[in-house]
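Enquirer: One structure, pasted below without further comment.
The values are calculated or read from the model by the stated rules, or taken from the named source; none is laboratory data. It should be emphasised that the depicted structure is a prediction, and the values quoted were computed from it without experimental measurement. Here the Cβ positions follow ideal geometry from the backbone for every residue, glycine too, while neighbour counts run over all protein chains shown. Side chains included, ligands, DNA and RNA excluded: accessible areas come from the protein's heavy atoms. Shrake-Rupley method; radii C 1.70, N 1.55, O 1.52, S 1.80 Å.
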Amino acid sequence: MQYLAPKTCAEAVAALAACDGDARLLAGGTDLLVRLQADMIEPDLLVDIKHIDTCQSIEEGPDGFVIGAAVASAELGEHASLTQAWPGVVEGMGLVGSTQVQGRATLTGNLCNASPAADSVPALVASGAVANVIGPHGKRQVDIIDIPTGPGRTSLAKDEMIESFSFPARGPRSADAYLRFIPRTEMDIAVVGVGVNLSLDENGTCTDARVAIGAVGPTVMLVPAAAQALIGSQVDAAALQAVQTACSDAASPISDKRGTAEFRKHTVGVIARRAAAIAHQRAQAAE
Amino acid sequence: MAHIQIFGSLRDLFDGQAAIEMDVRNLRDLLTKLPQAYPDCAEEIEEGVSVSIDGKIINDDWFRPIHADSEVVVLPRIVGG
Amino acid sequence: MSEYQAREFKVLGQRLKRPDGFDKVTGRARYGADVEAAGMLHGRILRSPHAHARIVSIDTSAAEALNGVKAVITRADFPQAAKGYEDIQDNCMAGERALYDGHAVAAVAATSKRIAKQALKLIKVEYEVLPHVTGVEQAIAPGAPIVQPGKVSKRVPEGFSDNVVRYTSFGHGDVEAGFAKADAVIEREYRTEASHQGYIEPHACLATLDEDGRGDLWVCTQGHYFIRDMSCAVLGLESANLRVTASEIGGGFGGKTTVFVEPVALALAKKSGHAVKLVMTREEVLRATGPTVSTYMQVKLGLNKDGIITAAYARLFYQAGAYKQGTADFGAMPAFAPYELENVHTEGLDVITNRPRTASYRAPGAPTACYAAESAIDEACLELGLDPLEVRLKNAAKEGTKSSYGPTYQDHGLIQCLEAVKDTEHWNAPLAANQGRGLAAGFWFNFGGETSVSVFLNTDGSVTVTEANPDIGGSRASISMMVAEEFGINYEQVRTTVTDTGSMGQNEPTHGSRVTFAVGMAAIKASREIKADIQQRLAKMWDVSADQVIWQDGKAHCTDNSKGIEPMSLPEIGAIANNTGGPIGAHHGANMEGAGVAFGVHICDTEVDPETGFVSVKRYTAIQDAGKMIQPDYVEGQLQGGAVQGIGWALNEEYVYGDDGRLQNPGFLDYRIPVASDMPMIDTVIVEVPNPGHPFGVRGVGETPIVPPLAAVGNAVSRATNVRLRHLPMSPPRVLAAIQSA
Amino acid sequence: MSSTHVSTKINGQAVEYVCPNDASLLEVLRDQLGMTGTKEGCGSGDCGACSVTVDGRLVCSCLVLGVEAQGRAVETIEGMANKNQLHKLQEKFLEKAALQCGICTPGVLIAARSLLEKNPDPTEQEVRYWIAGNLCRCTGYDKIVRAILESAKELREEAA
């Protein structure tokens, strides 16, 4: 297995394109190394993107935040204004694995590992962020929801990579939240996960909302009915109840070692309602 | 004569008796004489047993005395974790 | 005859530092995987992907041809096992059939881990897949696939498949008459899933074995004599020719009392002519070492209005894995052991399935049986409106009680433990919404067994204790403390080390809560022999009789004051040892009988999220009779660790098998042991009722703490939800389903 | 090229090694450098026994490649004590009996030191969540958490 640590995305993409065999990108490596050691994959090339400057930074500008593909979760949590603007995105990523895993794991890896249960993805999808993708033919922006296409599969071409994520500018009275259900308090894969992102007007009426649910289908999905239940409401008990119902209705989970389908369908609604309430509370505080 | 207690279905191995009287001086004596008198229990004895003598679990100590008034209970071999 | 003599202790009861601690906090301590040898090879094992299959053929030629591969072995490389060790051998390396997912079928030794891994892929095994069964209830049903034909013992009742291989029963009185007298009869079924000991250190060893059958084995184990004897029996070796050294051990809890990889490493070493290191992966540990039983249990309990248990009955089906075991006995015996019962009857049935051979796990067999019994008692209390503590106190076994498994109890501390519950702040604290408080009692036998210890007085007066029981919970410290106590010297003057099988006589493993009790007692007795020897020597030197030399405050004194002899300290005595007869030391080897039983009572508060079934443990108190405490921190540590293992078993730990008979969760991600954020502090209350069978009153403490938690948590969850949970683990989907169906 | 020459710093010392590209840092530490204080419990980042810091960041060394240490600074349990002068946490773990078998101890200590460097005054809950990735099967965590809290307190007092 060849190991490369290029300094630019162009070099990285060129190396991917030039490889005839199985080429993989290494960001945090917390999924990749597990697979490598379990012999689930035997790559011919590993391209470490941690030496590429644009993949390493968190930029805050008038158009919003840009987060590099190799930024570790712990760095997100240590970034005060990012945490203030996107608490749900940060907490979603912050729930991936242990403190140790947090030191390495990235949004990119969590997204491209393409697990339906990935903790960062519902909040990313709810945020409306886009992925800045670089390939041999240049750059393109892809909606987060369009990156994973099924368990373990993405829409990225073999010679494409994510350089960074661009988040929309944050208006007033806007906030997000991520909640998941796991049987322990830590160290588990989400049995269900929900990201909620919403904005309020001066009167406290919800003007915009996105609700995304994870681990209840082959990919993370948006629940428009849940968003509709919030928009125009005061995010009162009735609206929250409607979010619960909409999310449970939208879920199409399977039964596996982590939970039964019935359990997931019920619990995703409960967790959605609670996540929406947290996002609402935060938005009220975010004047 | 020592009073040897036999438990539940172990009794099947001792002609259905709940207790037997046997002239034994110590554990070795007991483990030798039991299968002689009751051949059905030989398999159990060979698989290994613990014997409670006066409330103490004895695994192997052959020369542990058994008195006429001793309480003797034959048990499965005690192990631990 | 009581060994125990009440006295004032100077060293015992102090919170002293463990001698192995420095190495453990600096990373210097050497565990199973931490050593290597010159020219060492790396071993690796190929395992069956099938739950049950006939091994039609194994072609190892391509693996053998791979550069760097030095040996490939299959069962054909093993001799006929010694009588009684056939199952152990078959579990280490499958013969005609692979009996469970993960069963070893071949192994390689190669010059690197990578080559060994690659070589496994080149071994071609042709399997004929056979019908399998992994569930205990499926396995007992007539018509179930039979895992091991011809294993059924004589006394197994009719009506079951031949997977039910062993039957035992215990009890006295007439349970039917007892039920007839009851005001309430509770008849319930309980189920538990298999858990694993979950030690953090995977099994590891380093083996050499020459053509002439002489070898060395470095291994993480609870008992290197067992490992030696089993390896020899499986490989046709003589015990004296195999020296086994126990490494530091990274947890065992019963799971490291038998062989898994050791005979394989030895066989690879012999065939390759090189040292072979074999380290299990975590996946291998979960798939192929011994988890505990899963169970299906029926309980019937009669109580009168006063809370007296008029009759107790339990029938326990224990899933033993792919080989015959006796664990059901150790469920049937302790199930009702905490109570004085006029009428009691328990039955234990061992069931074999296509799962890994079960191994001991801390009080093996007792936690599940006590879960069933203590849950049924709680259900009866709720039905009759009785206080669960009062009911336990009313029925509690005392000194002189005829136990549910036969023997009459000597002195023990159950009543004191129950009384201590009343005095805890915990028992009297208010509960919040969605919270419930559970109480449960538990019991374990404890034992002693074969033990060898040597104690030496060094020329500088320090004392060396050499023993051969791997130290898991701080036994080196405890043994040093007992020897220091016996000599009347400081703890720092005594050093206890664990030696290899070539340097010390036979020892039972570190199991059965025996080490502090048995090794401690042997060390005390050896110390007493040394003191007697010193008395003789000083009597000669001082020209007095031996009984005029007495031992006091760490010095030998002459009672004949007219002689004006100054007392002599150990350094002074050590310095003249060679002048007075030579080196001073004593060996004590004995079968250490006289272990005292240990009772514990736990209190657990849980809060249940009614919308998700999530259970959090809010507060926990473990109370236990420890006999006399040697090092209180270590006693508390045993109670806390055991309690948290039990909580894990009760809430989320579970072997999950697919329809294909394969283990679905062989990793710490989905085999969910408690993490730090899951737990509250674990409060402890130690009751001290000295064990009459030990000079210092010591009782084993290690195993009992895992017995009460399953029921304590279960009772707490059921009281928090007003729904009775009768299937462990009480994972959120099970709890939520129970709440929703109520 | 399937192996790489790596120049790194381990516990303050310059170290060079050539490692297979697919070797984890854990494997390099243990098998190539003989630094066996860092333990392997799972190889998948689920137990924390192999915790080290890389450029001050707490990680599982089983989830880091040996080649990734190039130009970085790695800290392991072997570097925690200053010769025979134990770190406060090490002392406190001994004093409070916060270890039994000891296999998780190096990882827990490295994680705890990393916590106290970032947060000298953690709450019990912060300690428990920080070390949630360090499995311990012996202690039930009680004495570990107490030892960390008490170390933090004494370190604060000493710094004051």
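Per-residue answers, yes or no, for (1) more than 9 Å from chain C (Cβ to nearest Cβ); (2) aliphatic (A, V, I, L, M); (3) open to solvent by 30 Å² or more (accessible area, probe 1.4 Å):
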site: B:Leu10; (1), (2), (3): no, yes, no
site: B:Gln17; (1), (2), (3): yes, no, yes
site: B:Met22; (1), (2), (3): yes, yes, no
site: B:Leu31; (1), (2), (3): yes, yes, yes
site: B:Cys41; (1), (2), (3): yes, no, no
site: B:Val49; (1), (2), (3): yes, yes, no
site: B:Ser52; (1), (2), (3): no, no, no
site: B:Ile57; (1), (2), (3): no, yes, no
site: B:His67; (1), (2), (3): yes, no, yes
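Enquirer: Let me ask you something else. Restricting attention to the stretch C:605-630, which residues are more than 14 Å from C:Leu651 (Cα to Cα), open to solvent by 10 Å² or more (accessible area, probe 1.4 Å) and not in a loop (DSSP other than H, G, I, E, B)?
Expert: Listed by number, the list holds a single entry, C:Arg619.
Enquirer: How many residues does the stretch A:47-84 hold that are assigned to a loop (DSSP other than H, G, I, E, B) and closer than 23 Å to D:Trp130 by Cβ?
Expert: Pass one, the stretch A:47-84, residues assigned to a loop (DSSP other than H, G, I, E, B): A:52, A:56-57, A:62-63, A:69-71, A:79.
Now restrict to residues that are closer than 23 Å to D:Trp130 by Cβ: A:71, A:79.
Total satisfying the criteria: 2.
Enquirer: Given the stretch C:18-137, what helices (runs of 4 or more DSSP H) lie entirely inside it while holding 2 or more residues that are farther than 24 Å from C:Ser272 by Cβ and of a type outside the set (Lys, Arg)?
Expert: In the stretch C:18-137, C:21-26, C:86-92 are the helices (runs of 4 or more DSSP H) which contain 2 or more residues that are farther than 24 Å from C:Ser272 by Cβ and of a type outside the set (Lys, Arg).
Enquirer: If B:Glu46 passes every condition in (1) assigned to a helix (DSSP H, G or I); (2) modelled with pLDDT under 85; (3) within 17 Å of C:Ser169 (Cα to Cα) but one, which one does it miss?
Expert: So the condition that B:Glu46 fails would be (3).
One line per residue, one yes/no per condition, for (1) closer than 25 Å to A:Asp188 by Cβ; (2) in contact with a Phe, Trp or Tyr (Cβ under 9 Å, 6 or more places away or on another chain); (3) more than 9 Å from every other protein chain (Cβ to nearest Cβ):
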residue: D:Arg30; (1), (2), (3): no, no, no
residue: D:Leu33; (1), (2), (3): no, yes, yes
residue: D:Val59; (1), (2), (3): yes, no, no
residue: D:Cys62; (1), (2), (3): yes, no, no
residue: D:Met80; (1), (2), (3): no, no, no
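Enquirer: What's the number of the only condition in (1) open to solvent by 20 Å² or more (accessible area, probe 1.4 Å); (2) outside any helix (DSSP H, G or I); (3) in contact (Cβ under 8 Å) with a residue 24 or more places away in the chain; (4) within 12 Å of another protein chain (Cβ to nearest Cβ) that A:Leu25 fails to meet?
Expert: (4)
Enquirer: Give the residues of the stretch D:112-160 that are within 19 Å of the chain's Cα centre (by Cα) and among the small types (Gly, Ala, Ser), sorted by residue number.
Expert: D:Ala112, D:Ser114, D:Ala132, D:Gly133, D:Ala147, D:Ser151, D:Ala152
Enquirer: Restricting to the stretch C:283-308, name every residue that is in a loop (DSSP other than H, G, I, E, B) and of a type outside the set (Gly, Ala, Ser).
Expert: Passing the criteria: C:Thr289, C:Pro291, C:Thr292, C:Val293, C:Asn304, C:Lys305, C:Asp306, C:Ile308.
Enquirer: Additional query: I need the full set of residues from the stretch A:30-45 which are within 7 Å of another protein chain (Cβ to nearest Cβ) and either among the hydrophobic types (A, V, I, L, M, F, W, C) or in contact with a helix residue (DSSP H, G or I) (Cβ under 6 Å, 6 or more places away or on another chain) (or both), in order please.
Expert: A:Thr30, A:Leu33, A:Val34, A:Leu36, listed by residue number.
Enquirer: Another question about this same structure. Regarding D:Ile144, is this residue open to solvent by less than 10 Å² (accessible area, probe 1.4 Å), within 9 Å of another protein chain (Cβ to nearest Cβ) and assigned to a loop (DSSP other than H, G, I, E, B)?
Expert: No: the conditions fail for D:Ile144.
Enquirer: To continue, here is another question. Please give the number of the condition C:Lys121 fails out of (1) under 30 Å from C:His274 (Cα atoms); (2) open to solvent by less than 20 Å² (accessible area, probe 1.4 Å); (3) not hydrophobic (A, V, I, L, M, F, W, C).
Expert: The failed condition is (2).
Enquirer: Out of (1) in a loop (DSSP other than H, G, I, E, B); (2) surrounded by 22 or more Cβ atoms within 10 Å (Cβ to Cβ); (3) in contact with a strand residue (DSSP E or B) (Cβ under 7 Å, 6 or more places away or on another chain), the odd one out for C:Gln640 is which?
Expert: So C:Gln640 meets the others, but not (1).
Enquirer: Can you tell me which residue is nearest to C:Pro632 (Cα to Cα) among those in the stretch D:103-121 that are open to solvent by 10 Å² or more (accessible area, probe 1.4 Å) and outside any helix (DSSP H, G or I)?
Expert: D:Cys104
Enquirer: Within the stretch C:643-673, can you find the residues that are within 8 Å of chain D (Cβ to nearest Cβ) and either closer than 17 Å to D:Ala97 by Cβ or open to solvent by 10 Å² or more (accessible area, probe 1.4 Å) (or both)?
Expert: Listed by number, the residues that qualify are C:Ala643, C:Val644, C:Gly667, C:Leu669.
Enquirer: Scan C:Ile200, C:Ile146 and give me the residue that is closer than 30 Å to C:Gly223 by Cα and either free of Cβ contacts under 8 Å to residues at least 12 places away in the same chain or assigned to a loop (DSSP other than H, G, I, E, B) (or both). Step through it out loud before you land on a result.
Expert: Numbers: C:Ile146 fails: closer than 30 Å to C:Gly223 by Cα.
From the options C:Ile200, C:Ile146, the qualifying one is C:Ile200.
Enquirer: Next question, about the same structure. Evaluate the stretch A:207-215: report whether one residue or more is open to solvent by less than 10 Å² (accessible area, probe 1.4 Å) and either outside any strand (DSSP E or B) or farther than 22 Å from A:Ala118 by Cβ (or both).
Expert: No, the conditions are met nowhere in the stretch A:207-215.
Enquirer: With D:Leu89, D:Leu135 as the choices, which residue is within 14 Å of chain A (Cβ to nearest Cβ), outside any strand (DSSP E or B), among the aliphatic types (A, V, I, L, M) and open to solvent by less than 50 Å² (accessible area, probe 1.4 Å)?
Expert: Answer to the selection: D:Leu135.
Enquirer: Mind listing whichever residues of the stretch A:219-267 are free of Cβ contacts under 8 Å to residues at least 24 places away in the same chain, assigned to a loop (DSSP other than H, G, I, E, B) and crowded, with 22+ Cβ neighbours inside 10 Å?
Expert: Scanning the stretch A:219-267 gives no hits.
One line per residue, one yes/no per condition, for (1) on the phi > 0 side of the Ramachandran plot; (2) open to solvent by less than 10 Å² (accessible area, probe 1.4 Å); (3) not assigned by TED's automatic domain parsing to the domain that holds A:Lys265:
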site	(1), (2), (3)
A:Gly92	no, yes, yes
A:Gly97	yes, no, yes
A:Leu107	no, yes, yes
A:Leu111	no, yes, yes
A:Ser127	no, yes, yes
A:Ile134	no, no, yes
A:Arg153	no, no, yes
A:Gly193	no, yes, no
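Enquirer: A follow-up question, please. Would you kindly identify the strands (runs of 3 or more DSSP E) lying entirely within the stretch C:375-489 that contain at least 1 residues that are away from chain B (no Cβ under 14 Å) and more than 29 Å from C:Thr221 (Cβ to Cβ)?
Expert: On the way: elements: C:435-444, C:449-457, C:463-467.
In the stretch C:375-489, the matching strands (runs of 3 or more DSSP E) lie at C:435-444, C:449-457.
Enquirer: Being among the aliphatic types (A, V, I, L, M) and within 14 Å of another protein chain (Cβ to nearest Cβ) narrows it down to one residue among C:Val136, C:Val175, C:Val147, C:Val234; which is it?
Expert: Numbers: C:Val136 fails: within 14 Å of another protein chain (Cβ to nearest Cβ); C:Val147 fails: within 14 Å of another protein chain (Cβ to nearest Cβ); C:Val234 fails: within 14 Å of another protein chain (Cβ to nearest Cβ).
Among C:Val136, C:Val175, C:Val147, C:Val234, only C:Val175 is among the aliphatic types (A, V, I, L, M) and within 14 Å of another protein chain (Cβ to nearest Cβ).
Enquirer: Moving on. If C:His602 satisfies all but one of (1) surrounded by fewer than 24 Cβ atoms within 10 Å (Cβ to Cβ); (2) more than 14 Å from chain B (Cβ to nearest Cβ); (3) at negative phi, what's the number of the condition it fails?
Expert: Just one mismatch for C:His602, condition (1).
Enquirer: Going through the stretch C:676-696 one residue at a time, which ones are in contact with a Lys or Arg (Cβ under 6 Å, 6 or more places away or on another chain), over 18 Å from C:Ile623 (Cβ atoms) and in a loop (DSSP other than H, G, I, E, B)?
Expert: Matches in the stretch C:676-696: C:Phe696 only.
Enquirer: Does the stretch C:388-409 contain at least one residue that is assigned by TED's automatic domain parsing to the domain that holds C:Gly714, closer than 30 Å to C:Pro470 by Cβ and at pLDDT below 95? It would help to see each step written out before you state the result.
Expert: Taking the stretch C:388-409 first, the residues assigned by TED's automatic domain parsing to the domain that holds C:Gly714 are C:388-409.
Now restrict to residues that are closer than 30 Å to C:Pro470 by Cβ: C:405, C:407.
So of that shortlist, the ones also at pLDDT below 95 come out as C:405, C:407.
Yes: the stretch C:388-409 contains one or more residues that are assigned by TED's automatic domain parsing to the domain that holds C:Gly714, closer than 30 Å to C:Pro470 by Cβ and at pLDDT below 95.
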